[in-house]
1. May I ask you to order 97-106, 268-277 by the average number of other C-beta atoms within 10 Å around their residues, highest value first?
2. For the peptides 303-311, 11-19, what is the packing order when you average, over each peptide's residues, the other Cβ atoms within 10 Å and list the highest mean first?
3. If only Cα atoms are counted, what is the Rg of the chain, and what is its Dmax, in Å?
4. What is the antiparallel percent of DSSP beta bridges lying wholly in the chain, to the nearest 5?
5. Along each of its three principal axes, how wide is the spread of alpha-carbon positions in the range 198-311, in whole angstrom units, largest first?
6. How far is helix 225-240 tilted, in degrees, relative to the longest principal axis of the Cα atoms in the chain, given as a value from 0 to 90 rounded to the nearest 10?
7. Quick check: residue separation of Asn275 and Phe36 times 0.36 nm, minus the Cα distance between them. What number comes out in nm?
8. So, R0 is 51 Å and r is the distance between the beta-carbons of Phe342 and Tyr163; what FRET efficiency does that work out to, to 0.05?
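FYI, it's all coordinate maths here, none of it is from the lab. Here the structure is a predicted model, which is why all the values come from computation and not from measurement. Because the Cβ atoms are built from the backbone with ideal geometry, glycine has one as well, and the counts that use them run over all protein chains shown.
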Amino acid sequence: MSDLRESLNKTREEFESKIKEITSSADIESLRVEYFGKKGKLTGVLRGMGSLKPEERPEAGKMVNEVRAKMEEVFAQTQSKMKAMESAHKLKREVIDVTLPTSFSGAGSRHPLNMAIDEICDIFLGLGYSIGEGPEVEYDKYNFELLRLPKGHPARDTQDTFYINENILLRTQTSPMQIRIMENQKPPIKVVCPGKVYRQDTLDATHSPVFHQIEGLVVDKGVTMGDLVGSLQLFAKKLFGEKTEIRLRPHHFPFTEPSVEVDLTCWKCGGCGCNVCKGEGWIEVLGAGMVHPEVLENCGIDSNEYSGFAFGIGVERTAMGRYGIDDIRLLYENDVRFLKQFK
Ligand code: PHE
């Protein structure tokens, strides 16, 4: 019993003098192993209890527990002191000078389609238009019926799409925005509406089942075809340069009368004919026309008092021309090597 007391005290004294010398968490860890580990010194002393007589054990147990508790307390204090000291050091060492110039270069770039949309919308903003947006999941009524494309109309065949149910579909054009705007706003109206549209189509270098359009709509008293032509001329020159001309070809859309398809002089060759315009000198960029009186009436606007024009610009085509992109698929593949070029 007195042997046990003696070796306990010796162990404790030695431990206490050693722990005073400690300067790091690594030291404290080796001290832990040296004393409290499986083969540690304190553990060894405790093992010696096995040889005590049974009546000595309760007292010895109490003594051992006291010493151990004391040692563990000192240990815990020193351990947390070390931790605090080391983290204070670390903070000091890793202090960040927020005034240093950054070397960060990981910022992404804007997508060419968004760049084209913004560029086009900016031009129209400058002409006093506002910007509207509407749902891609659209009522059949807005996408077709109120635009004079009743169910079963043959012109629907070229715009097949995904139907959510009989009356709701993925919009095939941004033209339903004409209806939405006119239902909610009375003339004068001057608005452009960019957005995604969907059509049953096979993906190739020039076609995609999902693409973008920008719808334009102007309704007021005395709006004429001349206003439409003038606005589009201005738009073409602002986007592709002063030399750009537009050409109108008669066309048919059920919701405009008269209707036209609008070509721009080729942005690559300027009109002489090249591989981009397939020798034509012209590239088709949009559809347009005077808003059909019935469409105005469908939205509660008096067609005797008001008239208007509308146009739909193909964004992909314009972006491809503007930035020299020769395959539409590049726009959807999210290849950073491609996207990085638009920084
Ligand atoms: N919505 C037509 C299309 O997608 C384009 C268009 C818009 C034509 C506005 C006339 C007026 O083909």
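1. Details: 97-106: 5.4, 268-277: 15.2.
Output ranking for 97-106, 268-277: 268-277, 97-106.
2. On the way: 303-311: 19.6, 11-19: 15.0.
Top to bottom by mean Cβ count within 10 Å: 303-311, 11-19.
3. Spelled out, the Cα radius of gyration and Dmax of the chain are 39.9, 118 Å.
4. Values: 43 of 45 bridges.
Approximately 95 percent, going by the DSSP bridge assignments.
5. Rounded to whole Å, the extents work out to 47, 36, 21 Å.
6. Relative to the chain, helix 225-240 is tipped by roughly 40 degrees.
7. Working: separation 239, 0.36 × 239 = 86.04 nm, distance 8.33 nm.
Stretched fully, the Asn275-Phe36 segment lengthens by 77.7 nm.
8. On the way: r = 35 Å, r/R0 = 0.69.
The pair Phe342/Tyr163 has a calculated efficiency of 0.90.
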